[in-house]
Amino acid sequence: MNINASIFKEYDVRGRYPEELNPEIFKNIAQELTLNYNPEVVAIGRDIRESSLSLQQGMIEGFIEQGVNVIDLGLVTTDMIYFAAGKFRYDLSIGITGSHVEGSNGFKICKKGAVAITGNELYKIRDSLIRREYFPQSLKKGEVVYKDILKDWIDHALSFIDKNKIKAFKIVVDAGNGMGGLVMPPIEKEIPGHFFNLFFEMDGTFPNHFPNPLIFENLKFAIEKVKETKADFGIIFDADGDRVFLIDENGKPLSGTVLTAMVAKNILRKNPNETILYNAVCGRIVPETIESYGGKAIRVRVGHSIIKEKMRENNAIFAGEHSGHFYFRENYFADSGLIAFLQALELISSDDRPLSKIASDFQKYPQSGEINFKVEDKMAVMKLLEKEYDKKTNKIDWLDGISVWFPDWWFNVRPSNTESLLRLNIEADNEKILAQKINELMDFLTSVGAVKN
């Protein structure tokens with residue numbers, strides 16, 4: 001079949017609409033999924049992007065033509081898809097979403113119990129689909145039933161905290177016209193506080209700003225509103241609602257590392273001696289916090305499928321990523337921005353200090369943030385880094401890309417799974433060392449042909 005193989009990524013299927021993705025392609029993918037997994041019932045939900053409804057309809061058509069019954073979940077956040085797979089144990093659960101990527105669409109998929117289908121499994125689907133000449137006809141058609149799981153999801157998310165301990169804060173909430181606008185209104189009815197809601201009307205054209213909190217420009221509306229209203233803090237969701245970032249009362253965004261450490265502290269205070277995972281790019285404050293509160297810290301590779309697998313192996317109660325993904329054992333080992341926000345809210349409520357002061361406990365080491373470089377040969381450049389720094393330190397690891405460690409600073413350079421990019425992150429004991437090492441690494445990478453993106 002005439003399918004662009006590049007739409008199959010390491011963790012999902014994603015591409016431009018309609019050039020790379022369209023309803024007919026999604027119909028064919030659904031048919032191929034049926035032949036590979038033989039599901040009886042599949043749940044499908046979607047985000048608010050303009051193309052998501054037609055892509056969902058194409059996928060539904062493909063399943064029912066193959067005799068599979070479909071649960072139409074309607075509009076959902078991505079973490080609601082994982083919840084559906086875990087609680088209702090559908091054979092397959094699929095979320096139509098382009099995640100945080102502007103101008104794209106696609107889907108994320110998991111099996112019964114919220115076990116992700118990624119990597120080699122997705123590539124197997126890709127290869128068999130490309131080779132296929134026709135689909136066998138089913139003797140019967142499947143049926144479609146609509147199911148609203150929003151209340152079930154809200155009740156589940158709230159079960160992670162003690163609502164009686166939540167204080168009434170002034171909170172700015174920026175949904176960016178994305179799926180945060182679905183889940184926050186019922187949450188706001190259940191917890192005390194005064195909420196200043198920005199862009200809650202779900203609109204797939206994203207008329208105000210694209211909801212990708214990783215880009216600072218997209219935070220400015222929430223930052224301005226926090227300052228204008230003298231709010232206690234702000235939160236901002238990404239397009240499909242599975243990631244969240246916090247902004248303190250001064251308008252300063254908190255990093256994924258800081259929020260990981262905050263949630264880890266809150267969880268370990270209630271659940272001592274548990275194991276918590278963190279990815280290879282999180283700062284040193286994360287394992288330090290975990291160990292200081294009696295937990296066991298395990299460093300793992302970036303990526304939701306890897307983290308979910310390692311969580312199951314270690315029965316970890318929580319895992320955090322620098323990119324704003326937060327995973328919970330009692331959430332079927334899946335990630336949720338909403339649950340992470342509620343955990344942070346519970347921690348903030350237990351402390352009489354403003355968020356900036358609470359966060360300062362976890363801002364011991366200044367960080368560069370992620371700096372991206374375009375390169376032709378990612379592995380060759382990382383090998384050159386190893387050769388350069390091997391003379392200067394005896395502590396280098398390849399857990400995820402290359403990490404190089406010194407007594408007062410460290411850095412990680414890892415390859416993008418989907419683009420010709422290397423991602424540089426640096427952390428140091430103070431701002432002076434950080435500035436020096438940013439210049440040092442940027443000069444070196446530029447000298448070997450990398451171009452700052």
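With a Förster radius of 41 Å, plug the Cβ-Cβ distance of Lys87 and Ile215 into 1/(1 + (r/R0)^6) and report the FRET value to the nearest 0.05. Please list the in-between numbers first.
On the way: r = 33 Å, r/R0 = 0.81.
Between Lys87 and Ile215 the formula returns 0.80.
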Kirkwood-based shape ratio for the stretch 5-148, expressed as Rg/Rh from alpha carbons: 0.92
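D for the stretch 360-451, whole µm²/s, Stokes-Einstein with Kirkwood Rh over alpha-carbon pairs at 37 °C and 0.692 mPa s: what number? Intermediate values should be presented prior to the final figure.
On the way: Rh = 13.4 Å.
D, rounded to a whole number, is 244 µm²/s.
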Given Lys220/Lys437; Lys189/Lys357; Lys167/Lys225; Lys27/Lys124; Lys87/Lys140, the pairs whose alpha carbons are separated by over 24 Å: Lys220/Lys437; Lys189/Lys357; Lys87/Lys140
Neighbour net charge for Val226 - beta-carbon separation under 14 angstrom, K R +1, D E -1: 0
Theoretical gain in end-to-end length, Asp351 to Asn453 [0.36 nm per residue, Cα-Cα removed]: 32.7 nm
Kirkwood Rh and Cα Rg combined as Rg/Rh, the chain: 0.97
Beta bridges by DSSP in the stretch 132-257, antiparallel share as percent, to the nearest 5: 35 percent
Rg to Rh quotient for the stretch 153-247, alpha carbon positions, Kirkwood Rh: 0.96
Reduced Cα scattering model of the stretch 313-383, Debye log10 I(q)/I(0), q = 0.27 Å⁻¹: -1.19
Estimated inter-spin distance, Phe406 and Asp203, nm [label 7 Å along Cα→Cβ]: 4.9 nm
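Taking every pair of alpha-carbon atoms in the stretch 250-312, give the share separated by more than 12 Å as a whole percent.
On the way: 1289 of 1953 pairs.
That fraction is 66 percent.
With a Förster radius of 22 Å, plug the Cβ-Cβ distance of Asp377 and Asp443 into 1/(1 + (r/R0)^6) and report the FRET value to the nearest 0.05.
Numbers: r = 19 Å, r/R0 = 0.88.
Result of the calculation: an efficiency of 0.70.
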Lys432-Asn273 pseudo-label distance in nm [points 7 Å out on the Cα-to-Cβ vector]: 4.5 nm
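If you average 1/r over every pair of different alpha-carbon atoms in the stretch 256-360 and take one over that average, what Kirkwood value in Å do you get?
Values: mean 1/r = 0.0754 Å⁻¹.
Taking every pair of different Cα atoms in the stretch 256-360, averaging 1/r and inverting gives 13.3 Å.
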Label-point separation, Glu228 to Arg132 (7 Å along Cα→Cβ), nm: 5.0 nm
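FYI, it's all coordinate maths here, none of it is from the lab. In this text the structure is predicted, and so the values were computed from the model without any measurement. As a convention, Cβ positions derive from the backbone with ideal geometry for all residues, glycine included, and neighbour counts pool all protein chains shown.
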